[in-house]
Amino acid sequence: MANAPIRLGMVGGGGDAFIGGVHRIAARLDGHYTLVAGALSSTPERARASAEALGLARSYDDFAQMAEAEAARDDGIEAVAIVTPNHVHADAAIAFLERGIHVICDKPLTATMEDAARLAEAARHSDALFMLTHNYTGYPMIRQAREMIAAGDLGKLRLVNVEYVQDWMTGPAEGKQAEWRVDPARSGAGGSIGDIGTHAYNLACFVSGLTLDRLAADLDAFGAGRTLDDNAHVMLRWQGGAKGMLWCSQVAPGNENGLRLRVFGDAGGLEWSQEEPNTLWFTPFGEPKRLLTRNGAGATAGNTTASRIPGGHPEGYLEAFANLYTAAAQAIQARREGAPLPDDLLFPTIEDGLDGMRFIEACVRSSANDSSWVTP
């Protein structure tokens, strides 16, 4: 029984929701889960239609009904993926955590700091695990960059710059994916800074190992009638003296999914782009640039562990997502067996989610105060 697939449920992600499909593929990729139940939409009719299309026998009208019913079943779900708009995350996650059901939640953590605090309290008092899907931390070359920095290959860090640039909201915010992202009631106080800026910030923290000391942010809403930002420039000051910049935008024509990270120390630098995810540029100071590859020569343990196929065959977004699902599955399997969690598991936790929420709040506060320096 210990190695049987984990019975998984899903809240949200029905119909044409992009991220729901991504989570389902990630959960299937390594064979650790079987999807058995869902509350896949905010309306019962759409929820049932989505469940039927996916072949799910157990469809629920809402997450509260689902949490109660599944917890009462001998064959109920062991984990749930929450892939709704931000404002639903807290109540849905709490409903399952209180019943001992593990939670895999899309980012950001919640829509408000108040909801984040409620969710964190529930997670700390639950025997169930909580994992946040900052999926870019699952890329093999990102794991290698993290290990190289920790090993001192860059020396003392000086600069940590990150950007995440898109263009899909340059025009009017039309369609299901855009509409909730420009609505403060569903998205929260941050627009692009919450949607993609938190990814960029989390990636910079994950790779560098640094903790943010303070920031100064300039948020803009260029789209007509928007109250939430669609572009942000943020100056970063890291504990220990390193400095950095974060730029996120969803109104930069010609950019599709331009997540880019650059880290420089007194002994060398690293550069990585999500649109070329299988390579990492490493430049020791005073020496030629070196192109490191996924599962290739010079690969670190984190690189090879996160890789599924030989070097030269491209891996990317879905596989990185699946790496987090697999890490969560390994943690859940350990709980099944009453064993401690493996020390080498890497997945974002409730603390990473809280850090992201503090980042959003600090950016909004700084921008509202003429881009003054604030401490998250």
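The values are calculated or read from the model by the stated rules, or taken from the named source; none is laboratory data. Given the structure is predicted, the values throughout are model-derived calculations rather than measurements. No Cβ is skipped: glycine too gets one built from the backbone with ideal geometry, and neighbour counts run over all protein chains shown.
If I ask for residues that are of a type in the set (D, E, K, R) and either more than 20 Å from the chain's Cα centre (by Cα) or more than 29 Å from A178 (Cβ to Cβ) (or both), which ones from region 251-300 would you list? It would help to see each step written out before you state the result.
Restricting attention to region 251-300, the residues satisfying the condition of being of a type in the set (D, E, K, R) are 256, 260, 262, 266, 271, 275-276, 287, 289-290, 294.
Hits for region 251-300 are R262, D266, E271, E287, K289, R290, R294.
In the set E319, E276, E256, E337, which member is out of contact with any Lys or Arg (no Cβ under 8 Å at 6 or more places or on another chain) and either within 19 Å of V207 (Cα to Cα) or polar (S, T, N, Q) (or both)?
On the way: E319 fails: out of contact with any Lys or Arg (no Cβ under 8 Å at 6 or more places or on another chain); E256 fails: either within 19 Å of V207 (Cα to Cα) or polar (S, T, N, Q) (or both); E337 fails: either within 19 Å of V207 (Cα to Cα) or polar (S, T, N, Q) (or both).
Step by step, each of E319, E276, E256, E337 is checked, and only E276 is out of contact with any Lys or Arg (no Cβ under 8 Å at 6 or more places or on another chain) and either within 19 Å of V207 (Cα to Cα) or polar (S, T, N, Q) (or both).
For region 25-44, does any single residue satisfy the condition of being free of Cβ contacts under 8 Å to residues at least 40 places away in the same chain, among the small types (G, A, S), buried (at least 24 other Cβ atoms within 10 Å of the Cβ) and under 21 Å from R73 (Cα atoms)?
Within region 25-44, one or more residues are free of Cβ contacts under 8 Å to residues at least 40 places away in the same chain, among the small types (G, A, S), buried (at least 24 other Cβ atoms within 10 Å of the Cβ) and under 21 Å from R73 (Cα atoms).
Under the condition of being touching a residue at least 24 places away in the same chain (Cβ under 8 Å) and loosely packed, with under 14 Cβ neighbours inside 10 Å, which residue from region 352-376 is nearest to L215 (Cα to Cα)?
Only one residue tops the list, namely T375.
Determine if region 138-149 includes at least one residue that is assigned to a helix (DSSP H, G or I), in the same structural domain as V182 (by TED's automatic domain parsing), polar (S, T, N, Q) and modelled with pLDDT of 95 or more.
Checking region 138-149: at least one residue is assigned to a helix (DSSP H, G or I), in the same structural domain as V182 (by TED's automatic domain parsing), polar (S, T, N, Q) and modelled with pLDDT of 95 or more.
If I filter region 312-326 for residues that are within 14 Å of A145 (Cα to Cα), crowded, with 22+ Cβ neighbours inside 10 Å and touching a residue at least 60 places away in the same chain (Cβ under 8 Å), do I get at least one hit? Walk me through it before giving the result.
Applying the first criterion (within 14 Å of A145 (Cα to Cα)) to region 312-326 yields none.
Checking region 312-326: not a single residue is within 14 Å of A145 (Cα to Cα), crowded, with 22+ Cβ neighbours inside 10 Å and touching a residue at least 60 places away in the same chain (Cβ under 8 Å).
Filtering region 2-19 down to residues that are on the phi < 0 side of the Ramachandran plot and at pLDDT below 95, which residue is surrounded by the most Cβ atoms within 10 Å (Cβ to Cβ)?
First pass over region 2-19, keeping only residues on the phi < 0 side of the Ramachandran plot: 2-11, 14, 16-19.
With at pLDDT below 95 added as a condition, the list becomes 2-4, 14, 16-19.
Values: A2: 8, N3: 8, A4: 11, G14: 26, D16: 10, A17: 19, F18: 10, I19: 17.
Checked region 2-19; the qualifying residue surrounded by the most Cβ atoms within 10 Å (Cβ to Cβ) is G14.
If you scan region 85-95, which residues turn out to be touching a residue at least 40 places away in the same chain (Cβ under 8 Å) and either touching a Cys at 6+ places or on another chain (Cβ under 9 Å) or of a type in the set (A, V, I, L, M, F, W, C) (or both)? Quick ask: steps written out before the conclusion?
Initially, region 85-95 is screened for residues touching a residue at least 40 places away in the same chain (Cβ under 8 Å), giving 85-88, 92.
Listed by number, the residues that qualify are V88, A92.
Go through the residues of region 107-118 one by one and say whether even a single one is within 18 Å of G38 (Cα to Cα) and buried (at least 24 other Cβ atoms within 10 Å of the Cβ).
So the first thing to find is which residues in region 107-118 are within 18 Å of G38 (Cα to Cα), and the list is none.
The answer is no; no qualifying residue exists.
Would you check which residues across region 48-71 are part of a helix (DSSP H, G or I) and either more than 16 Å from F96 (Cα to Cα) or touching a His at 6+ places or on another chain (Cβ under 7 Å) (or both) and list them? Steps first, please.
Taking region 48-71 first, the residues part of a helix (DSSP H, G or I) are 48-54, 63-71.
The answer is R48, A49, S50, A51, E52, A53, L54.
Return the residues of region 160-193 that are out of contact with any helix residue (DSSP H, G or I) (no Cβ under 7 Å at 6 or more places or on another chain), farther than 18 Å from D218 by Cα and either hydrophobic (A, V, I, L, M, F, W, C) or not assigned by TED's automatic domain parsing to the domain that holds A145 (or both); say none if nothing qualifies.
Selection gives W168, A178.
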